[in-house]
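Trainee: Encoded as structure tokens, here's the structure I'll be asking about.
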Amino acid sequence: RRHEYDGKQLPEARVLVLYTGGTVGMRCKESGVYEPEPHYLPLAIREIPPLNDKEYVDEFYGHVKVQPYCLPPVRNTKKRVVYWLVEYEPLLDSSDMTFDDWIRIARDIQKSYHDYDGFVVLQGTDTLAYTAAALSFMMEDLGKPVVITGAQ
């Protein structure tokens, strides 16, 4: 398949995705119950074309040890969104999240601030609003977008 960028690497928006846990990365077991499974989400995303343009990643990042993901090109845009997904260990049940977990998220964003254009936090929805509130106070005047989201 041929990309709109005609084989040239476009300018990129770099995003760090912090995956803390939650339904978004759960896998359905034989019993029909969804359970957290370490490393499932990063592997699954690699194979989902709307979430990862493997051809672009192979062409421009095939030589790097930690390969990012890349969203497919969007018509009439001059930038690609390339993102790196960091999975927390252990995966957290959001109903068990504490101030220490929120501080960890804020510190991870702080440590990576100059390397990325934006940040996404994937977590369970039970305490998503609390995480958003806590981070909003910790990262006042941040200057870069932070999106906090989950799945139900």
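The values are calculated or read from the model by the stated rules, or taken from the named source; none is laboratory data. Here the structure is a predicted model, which means the values were calculated and not measured. We place every Cβ from the backbone using ideal geometry, glycine too, and count neighbours over all the protein chains shown.
Trainee: Which members of the range 89-114 meet the condition of being buried (at least 17 other Cβ atoms within 10 Å of the Cβ) and farther than 13 Å from LEU16 by Cα?
Mentor: Residues satisfying the conditions are LEU91, LEU92, SER94, MET97, ASP101, TRP102.
Trainee: Going by the structure shown, is LEU71 touching a helix residue (DSSP H, G or I) at 6+ places or on another chain (Cβ under 7 Å) and at pLDDT 95 or above?
Mentor: no
Trainee: For the list (1) of a type in the set (Lys, Arg); (2) surrounded by 15 or more Cβ atoms within 10 Å (Cβ to Cβ); (3) in contact (Cβ under 8 Å) with a residue 60 or more places away in the chain, I need the number of the one condition that ARG75 fails.
Mentor: If we test ARG75 against (1) of a type in the set (Lys, Arg); (2) surrounded by 15 or more Cβ atoms within 10 Å (Cβ to Cβ); (3) in contact (Cβ under 8 Å) with a residue 60 or more places away in the chain, just (2) comes out false.
Trainee: Quick check on my filter: what residues within the range 89-103 are polar (S, T, N, Q) and either closer than 9 Å to ASP126 by Cβ or touching a Ser or Thr at 6+ places or on another chain (Cβ under 8 Å) (or both)?
Mentor: Those that are polar (S, T, N, Q) and either closer than 9 Å to ASP126 by Cβ or touching a Ser or Thr at 6+ places or on another chain (Cβ under 8 Å) (or both): SER94, SER95.
Trainee: State which residue is nearest to the chain's Cα centre (by Cα) when the search covers only the range 73-97 and only residues that are under 21 Å from GLN152 (Cα atoms) and among the polar types (S, T, N, Q).
Mentor: Checked the range 73-97; the qualifying residue nearest to the chain's Cα centre (by Cα) is SER94.
Trainee: For the range 124-137, give me each residue that is out of contact with any strand residue (DSSP E or B) (no Cβ under 7 Å at 6 or more places or on another chain) and surrounded by 15 or more Cβ atoms within 10 Å (Cβ to Cβ).
Mentor: GLY124, THR125, ASP126, THR127, ALA134 - these are the residues of the range 124-137 that are out of contact with any strand residue (DSSP E or B) (no Cβ under 7 Å at 6 or more places or on another chain) and surrounded by 15 or more Cβ atoms within 10 Å (Cβ to Cβ).
Trainee: Here's a follow-up. How many residues are closer than 13 Å to THR20 by Cα and out of contact with any Leu (no Cβ under 6 Å at 6 or more places or on another chain) if we restrict to the range 115-125?
Mentor: Qualifying residue count, the range 115-125: 5.
Trainee: Of the numbered conditions (1) under 19 Å from PHE119 (Cα atoms); (2) surrounded by 15 or more Cβ atoms within 10 Å (Cβ to Cβ), PRO11 fails exactly one; give the number of that condition.
Mentor: So the condition that PRO11 fails would be (2).
Trainee: Which one of these is on the phi < 0 side of the Ramachandran plot, surrounded by fewer than 14 Cβ atoms within 10 Å (Cβ to Cβ) and touching a residue at least 12 places away in the same chain (Cβ under 8 Å): PRO68, PRO50?
Mentor: Result: PRO50 is the single residue among PRO68, PRO50 that is on the phi < 0 side of the Ramachandran plot, surrounded by fewer than 14 Cβ atoms within 10 Å (Cβ to Cβ) and touching a residue at least 12 places away in the same chain (Cβ under 8 Å).
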